[in-house]
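Down below is the structure, laid out as structure tokens.
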Amino acid sequence: MSERWNRRLLHAYPQRHRAEYGEEMLDVLAECGGGPRESLTLVLGGLRTRLGGLGAPYATPEWRDALAVASLVAPLLMTISTVWFADSTVRALTGELATSPGYWSGFAGWVPVWASGAVITAAAWWGGLHGRRFAMVALLALCAYMFTGHTPLTVSMYGTIALSLVVPVVALAGLAFSDGPRRGAQVLGRRVTVPMVTVAALTFAAQGLAGLQYPLDLHLISGETPYYEYAWVIMLGVLLLNGLRTASGRRFGALLVAPLLDLGHLVAVPSPRTAELALALVLVLALGVRSRPRSRPAT
Amino acid sequence: MNERAMQEPTFLILTALAAGPQHGYGIITDAAEISGGRVRLRTGTLYTALDRLRGEGLIEVDREEVVDTRMRRYYRITAAGADALAAEVRRMRHRAETAALRLGTAGGPA
């Protein structure tokens, strides 16, 4: 293979990598004699380096801790919906809650979504490594179920379901890329955990006042705000105010402010506000990475 | 703490550098020899690994020389790299001894 060919293939690597190793790699390629396998590994190595570079700002201990907190809080938010679901079911069955003729058929499709919250939280907290794996598989299945629209009242992700997907996706990311909810509780400490759980309990009480609503739909910017969503804001506010002083807290803020920004509307309903929301999302993500240290050692 | 097994290219590169500083092509030929000809590191694989290992502080640049108008860079293993390699050797030895014990061949094959 000619040097010209190899030089072209080196463009698979980011500019930084080419500047650092380009000439050296050409020298080694000339000595090795090249060949199709060399060419293939050059391209694959370049892609791997580029992808690794994209993830690098997030592969820090601060992000791992932020994701650990997310792996605790996001399933807890889902558990609130489980409790709400159980309460609503009992009230509907006893006639305390007025229901429309199509109520039960619409309700049935959401049963896996609402009921799984508590199971996922319990598995992630008490199940050890196997429990976390189970929770991840359950969350994946849940997201797929919601994405493909096997729930009455919506046909696909491009309906209102996109909003409801945000919390399970954050929970999944937290479980997949961190040391889990126990580490999250350790990071938060008792000073934050106790008020958070208290507010979560109040959230449930507020739902009784709010009536039947979809518990995972946040309309903080776009529409009406049911009572329990105010409680969510208080709960997340407690976390954020306590956490913003720390590097991992700011990153956690970036993770959970995203759902509050009604992220689904970025995907589902493009509008003039989409750019505004996208800008806000970029800002919170920038907040999360702004103190990233440059870790490259001097040579 | 959960210790992950070292990837084979990493092991071969660190082992090659444990004997002294080497340049890229030298590492490739040495790695092939260490693995008994079984593994031939490709240039792309080598430099992706070298970049990562430098980032992790396991290797560093020893010196640079110009040979036939081209820059040739020599790498050396750091103290952290030597520690990581020693830990991997202990892990591999423990696994090998356990396997040999269970096979009833702790004294070596007949």
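The values are calculated or read from the model by the stated rules, or taken from the named source; none is laboratory data. From a predicted model like this one, the values you see are computed outputs, not experimental measurements. Cβ atoms come from the backbone with ideal geometry, glycine included; neighbour counts cover every protein chain shown. With ligands, DNA and RNA removed, areas are computed over all heavy atoms of the protein, side chains included. Shrake-Rupley method; radii C 1.70, N 1.55, O 1.52, S 1.80 Å.
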- [ ] Scan the stretch B:30-45 residue by residue and report those that are more than 7 Å from chain A (Cβ to nearest Cβ) and surrounded by 15 or more Cβ atoms within 10 Å (Cβ to Cβ).
- [x] B:D30, B:A31, B:A32, B:I34, B:S35, B:V39, B:L41
Open item on the list: Looking at the stretch B:1-29 only, could you name the residues that are more than 10 Å from every other protein chain (Cβ to nearest Cβ) and more than 30 Å from A:L129 (Cα to Cα)?
Closed with: B:L12, B:I13, B:L14, B:T15, B:A16, B:L17, B:A18, B:A19, B:G20, B:P21, B:Q22
Open item on the list: Every residue in the stretch B:47-76 that is at the interface with chain A (Cβ under 7 Å from one of its Cβ atoms) and either of a type outside the set (D, E, K, R) or in contact (Cβ under 8 Å) with a residue 40 or more places away in the chain (or both), please.
Closed with: B:Y47, B:T48, B:G55, B:G57, B:V61, B:M71, B:R72, B:R73
Task: Odd one out for B:D62 among (1) in contact with a Lys or Arg (Cβ under 6 Å, 6 or more places away or on another chain); (2) open to solvent by less than 20 Å² (accessible area, probe 1.4 Å) - done: (2)
TODO: Name the residue, out of A:M136, A:M146, that is in the same structural domain as A:L175 (by TED's automatic domain parsing), modelled with pLDDT of 80 or more and assigned to a helix (DSSP H, G or I).
DONE: A:M136
Open item on the list: Being in contact with a Leu (Cβ under 7 Å, 6 or more places away or on another chain) and open to solvent by less than 10 Å² (accessible area, probe 1.4 Å) is the filter here; which residues of the stretch B:13-29 pass it?
Closed with: B:I13, B:L14, B:G24, B:I27, B:I28
Task: Residues that are open to solvent by 30 Å² or more (accessible area, probe 1.4 Å) and on the phi < 0 side of the Ramachandran plot, drawn from the stretch A:122-137 - done: A:A122, A:W125, A:W126, A:G127, A:L129, A:H130, A:R132, A:R133, A:F134, A:M136, A:V137
